[in-house]
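Below is one structure; the comments refer to it alone.
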Amino acid sequence: MFNTLSDRLTSVLQNLRGKGRLSEADIDATCREIRVALLEADVALLVVRTFIAKIKERAKGAEVSGALNPAQQVIKIVNEELVGILGGETRRLNLAKNPPTVIMLAGLQGAGKTTLAGKLAKWLKTQGHTPMLVACDLQRPNAVTQLQVVGERAGVPVFAPEPGNGVGNPVDVARRGIEEARRAQHDIVLVDTAGRLGIDAELMQQAKDIRDAVQPEEVLFVVDAMVGQDAVNTAQAFADGVGFTGVVLTKLDGDARGGAALSVREVTGQPILFASNGEKLEDFDVFHPDRMASRILG
Ligand code: GDP
């Protein structure tokens with residue numbers, strides 16, 4: 001991911017390096033090129049506009065400092081602003097004062113929620129936690145079984161509705177799952193929820209009902225970074241319909257343009273907490289805005 005964007009930005013900034021002084025025209029030309037590179041990478045227009053405006057303002061107002069030449073200063077500004085749109089500081093998970101901490105996963109079908117549940121559970125174990133998974137995606141055939149497989153691989157228990165009991169009520173399953181976690185002294189509960197292929201009112205209501213019933217510490221919106229501009233609309237719909245406290249980007253290993261990854265924080269105001277970059281349980285990490293910015297800028 002970001003290969004094309006990264007190449008473009010690196011070469012735009014590289015062009016500045018030989019220059020002793022930067023004129024306003026140089027800064028304008030650089031900003032134009034950065035703008036095109038970001039738009040071609042599917043970054044939301046609103047985000048691009050704000051980003052470019054900030055860079056222009058800071059680059060034009062920058063004092064020539066002893067240590068950095070003008071080109072280096074612009075590079076530094078672009079880097080800092082990129083870290084800014086990615087969220088600035090690394091945001092850690094909020095944990096409940098009285099365990100279990102409930103973390104609800106929401107997003108469209110295929111975004112990677114179930115896979116993420118396993119990844120997050122495995123990672124939480126390495127951090128000394130004792131997570132449990134709760135299967136509340138009762139819409140998609142096989143979703144419960146898939147979560148059970150993922151749980152087994154991660155080595156964590158999965159609470160699921162008993163087979164043969166019909167489809168079951170996801171709110172009820174969520175409630176009972178948390179009771180079970182409390183009884184068995186799991187300190188974190190990950191609640192997997194249903195995702196449809198598109199945004200729909202029923203899905204939103206169900207997610208909201210689960211949220212109201214279990215009062216999660218975190219609602220993580222899981223979004224496929226490969227879906228481009230659409231990701232921003234989906235994120236906005238989930239923000240309005242369910243509300244979330246953090247974002248997880250998945251499929252960062254893809255070769256798509258990745259604009260979603262760069263837009264979702266700015267558009268929703270919620271931080272990106274984790275990133276998923278492959279199908280294996282290990283392909284997962286805490287999201288660090290500064291590292292991501294460095295990767296993009298080469
Ligand atoms: P859900 O419907 O949101 O629960 O999505 P799933 O967890 O079932 O994932 C949908 C598909 O995406 C599966 O084939 C996963 O193996 C795949 N997948 C999930 N996360 C990643 C990722 O980070 N990278 C890649 N390449 N594939 C992923």
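Residue by residue, here is whether (1) of a type outside the set (Asp, Glu); (2) in contact with a Phe, Trp or Tyr (Cβ under 8 Å, 6 or more places away or on another chain); (3) without any contact (Cβ under 8 Å) to a residue 24 or more places away in the chain; (4) surrounded by 17 or more Cβ atoms within 10 Å (Cβ to Cβ) holds:
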| position | (1), (2), (3), (4) |
| --- | --- |
| VAL48 | yes, no, yes, yes |
| ILE55 | yes, no, no, yes |
| LEU68 | yes, no, yes, no |
| ALA71 | yes, no, no, yes |
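Checked across the stretch 245-259, the condition of being in a helix (DSSP H, G or I) and in contact (Cβ under 8 Å) with a residue 24 or more places away in the chain holds for at least one residue. Of the residues making up the stretch 248-263, those that are within 16 Å of ARG8 (Cβ to Cβ) and either under 15 Å from the mean Cα position of the chain (by Cα) or crowded, with 17+ Cβ neighbours inside 10 Å (or both) are ALA256, ARG257, GLY258, GLY259, ALA261, LEU262. Being more than 13 Å from the ligand (Cβ to nearest atom), within 12 Å of ALA106 (Cβ to Cβ) and touching a strand residue (DSSP E or B) at 6+ places or on another chain (Cβ under 6 Å) is a description that applies to PRO216. Scanning the stretch 82-118 for residues that are over 30 Å from VAL47 (Cα atoms) and either under 14 Å from the mean Cα position of the chain (by Cα) or within 13 Å of the ligand (Cβ to nearest atom) (or both) yields a count of 1. Counting only residues that are touching a Leu at 6+ places or on another chain (Cβ under 6 Å) and either aliphatic (A, V, I, L, M) or modelled with pLDDT of 95 or more (or both), the stretch 163-187 holds 1 of them.
Selection of the stretch 1-26 for residues being part of a loop (DSSP other than H, G, I, E, B) and surrounded by fewer than 17 Cβ atoms within 10 Å (Cβ to Cβ) yields ASN15, ARG17, GLY18, LYS19, GLY20, ARG21, SER23.
Selection over the stretch 239-258 of residues that are under 14 Å from LYS113 (Cβ atoms) and away from the ligand (no atom under 11 Å from the Cβ) gives a count of 4.
Against the conditions (1) outside any loop (DSSP other than H, G, I, E, B); (2) within 12 Å of the ligand (Cβ to nearest atom); (3) within 14 Å of the chain's Cα centre (by Cα), GLN236 satisfies every one except (2). Checking each residue in the stretch 134-145 for being surrounded by 19 or more Cβ atoms within 10 Å (Cβ to Cβ) and modelled with pLDDT of 90 or more picks out VAL134, ALA135, CYS136, VAL144.
Results for (1) at pLDDT below 95; (2) closer than 15 Å to ILE103 by Cα; (3) touching a helix residue (DSSP H, G or I) at 6+ places or on another chain (Cβ under 9 Å); (4) not small (Gly, Ala, Ser), shown as yes or no for each residue.
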position	(1), (2), (3), (4)
ALA201	yes, no, yes, no
GLN236	yes, no, yes, yes
THR245	no, yes, no, yes
ALA256	yes, no, yes, no
VAL264	yes, no, yes, yes
ASP283	no, no, yes, yes
SER294	yes, no, yes, no
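Selection of the stretch 146-161 for residues being aliphatic (A, V, I, L, M), modelled with pLDDT of 95 or more and either buried (at least 21 other Cβ atoms within 10 Å of the Cβ) or more than 11 Å from the ligand (Cβ to nearest atom) (or both) yields LEU147, VAL150, ALA154, VAL156, VAL158. Any residue at all in the stretch 127-143 that is within 26 Å of ALA231 (Cβ to Cβ), more than 9 Å from the ligand (Cβ to nearest atom) and acidic (Asp, Glu)? Taking every residue of the stretch 127-143 in turn, none turns out to be within 26 Å of ALA231 (Cβ to Cβ), more than 9 Å from the ligand (Cβ to nearest atom) and acidic (Asp, Glu).
Every residue, every condition in (1) within 9 Å of the ligand (Cβ to nearest atom); (2) hydrophobic (A, V, I, L, M, F, W, C), yes or no:
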| residue | (1), (2) |
| --- | --- |
| SER263 | no, no |
| ILE272 | no, yes |
| GLY278 | yes, no |
| ASP285 | no, no |
| ARG291 | no, no |
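Screening the stretch 264-285 for residues that are within 19 Å of LEU82 (Cα to Cα) and under 10 Å from the mean Cα position of the chain (by Cα) and picking the one that is surrounded by the most Cβ atoms within 10 Å (Cβ to Cβ) gives VAL264.
The values are calculated or read from the model by the stated rules, or taken from the named source; none is laboratory data. In this text the structure is predicted, and so the values were computed from the model without any measurement. Cβ coordinates were reconstructed from backbone atoms using ideal geometry, including for glycine residues, and neighbour counts include every protein chain displayed.
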